[in-house]
Structure formats: structure tokens, C-alpha cells
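Visitor: Below is one structure. I have some questions about it.
Every read-out reported here was derived from the displayed coordinates using simple, explicitly stated rules and does not represent laboratory data. Just so it is clear, the structure is predicted and the values come from calculations on it, not from any experiment. No Cβ is skipped: glycine too gets one built from the backbone with ideal geometry, and neighbour counts run over all protein chains shown.
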Amino acid sequence: MQIMQDSFDETKMVEFALEGDLDAFNRLVLAYQDLAYNVAFRVVGERTLAEDAVQDGFLAAYRKLKTFRGGSFKAWLLRIVTNACLDELRRQKRRPMVPLQPYDDYDEEIESPEWLEDPGESPEENLVRSELSAAIQNCLDDLENDFRVVVVLVDIQGMDYAEAAAVVESPLGTIKSRLARARARLQDCLHGFGELLPDTFRFEGESIP
């Protein structure tokens, strides 16, 4: 089926993909790959593992496409990617970890980690932002998987409670409870990095880098 290249209609793309149109599925992948990677990176805490989890998640989504029964395709897809992240962590048999002073494959310190590069920032601003992101990631790593996933979806990706509940397939009350406990633990953890936190810092969507 011919697909218009200058428009994107998720419902139509899903319909076409269900009919076997690979191009339609690829367009869905392109629409959500950045979001999926950002979620995966914050859940597993490492670039390579995040890339692997996203790839595994998208392959699984393609294989399971016939099981999609409507509703939010984004939530359905992120559920699969999130499960792939948790599978990846189980395979690694360890908790994720991003050091506060990351090192590359040659044990050289990375002064400005690439996940937070911003060409509009000064070197000093970039360093502070990078250190803050690494501090947040380390605190996220200390959370149990269920709590980490919820705080990544709501506080980092800006989803509302209903969207997050759809992704993790849990009741709304459970999402709110996990989020409250996760926020409290993150706040306690980040007290040790107080000099990095802006005065307006809070755990609400875009407020977290």
C-alpha cells in the first residue's frame, strides 16, 4: 500500500503495518525510536545496553504486532522496550551504573559525556549539566526496577500517570505510590550533590535533564 511521505497518522500506520506493510512499521519505529532510546538509557544506565534493548524491543514489537489490540501504540511499544530493558539487566546480572566521572574504552576520563552535549552551552555549563545528569543516573540506578521505570516515564519523559500506567500495566494508584516513594528516595540521594542542583530543581518532567 502506498504511504504518503509528508504526513504521519499513527492509526493509519498501525493499520498498514498490521496488513504487512513493512514501510509503515518502519515509520512507526522512526517516530518513537528517540523516545524509546531515552527511556532505555535511563532504565539501564548505559548506552550500549540501551541500544541493544531498543533493538530487541523493536524486533519483538514487529513479531508481536498481530497481538496489538488498539489503544495507545506508543504505550504498547514502550511496554515492550521497557521489558527488553529489564531482560537486558537480568542478562547482565548486575545493577546498571554510570560513573560520576565516566571513562571510555581506553580508561580515559570523559570530561563531557556525549549524552548531554549541547553546542549552545559554555564548557563550564556543559560540565555542570553533565555531572548533574550523571548524578541523577547514579541515584536512579539505586532504585528497584519498578520504581526506576515509573520515575523515568513520568518525571524524565513527561508522561502523565495514565500513560505510565498503560506502559507498565499497573493500576493508577500503584503508579502514584511508586512515584512518590521513588521521588523521596531520589531527593534523599541527590542531597549529596546539592552543589550541582539548580534552585528550581524538582522531579517533574522536563525539570530533570
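Visitor: Could you list Leu30, Leu49 so that the one with the fewest beta carbons within 10 Å of its beta carbon is first and the one with the most is last?
Guide: On the way: Leu30 10, Leu49 19.
Fewest to most other Cβ atoms nearby, the residues stand as Leu30, Leu49.
Visitor: Asp21 to Asp146: extension gain in nm, 0.36 nm per residue of separation minus the Cα-Cα distance?
Guide: Separation in residues times 0.36 nm, less the Cα-Cα distance, equals 41.5 nm.
Visitor: Can you give the net charge of the other residues whose Cβ lies under 14 Å from the Cβ of Phe73, counting K and R as +1 and D and E as -1?
Guide: Numbers: positive: Lys12, Arg27, Lys64, Lys66, Arg69, Lys74, Arg79; negative: Asp9, Glu10, Glu15, Glu163.
Surrounding charge for Phe73 is +3.
Visitor: Once you have the Cα-Cα distance between Leu30 and Lys176, take 0.36 nm times their residue separation minus that, and quote the gain in nm to one decimal.
Guide: Stretched out fully, the Leu30 to Lys176 stretch lengthens by 49.5 nm.
Visitor: Shifting gears a bit: How high is the relative contact order of the range 7-97, in percent, counting Cα pairs under 8 Å that sit 6 or more residues apart?
Guide: Working: 80 pairs, mean separation 27.2, N = 91.
Answer for the range 7-97 is 30 percent.
Visitor: Also: May I ask which of Lys64/Lys176; Lys12/Lys66; Lys12/Lys176 have a Cα-Cα span longer than 23 Å here?
Guide: Violating the 23 Å limit, Cα to Cα: Lys64/Lys176; Lys12/Lys176.
Visitor: Which value in nm describes the separation of the simple spin-label points at Gln55 and Arg69, placed 7 Å from the Cα toward the beta carbon?
Guide: Result: 3.3 nm between the two label points.
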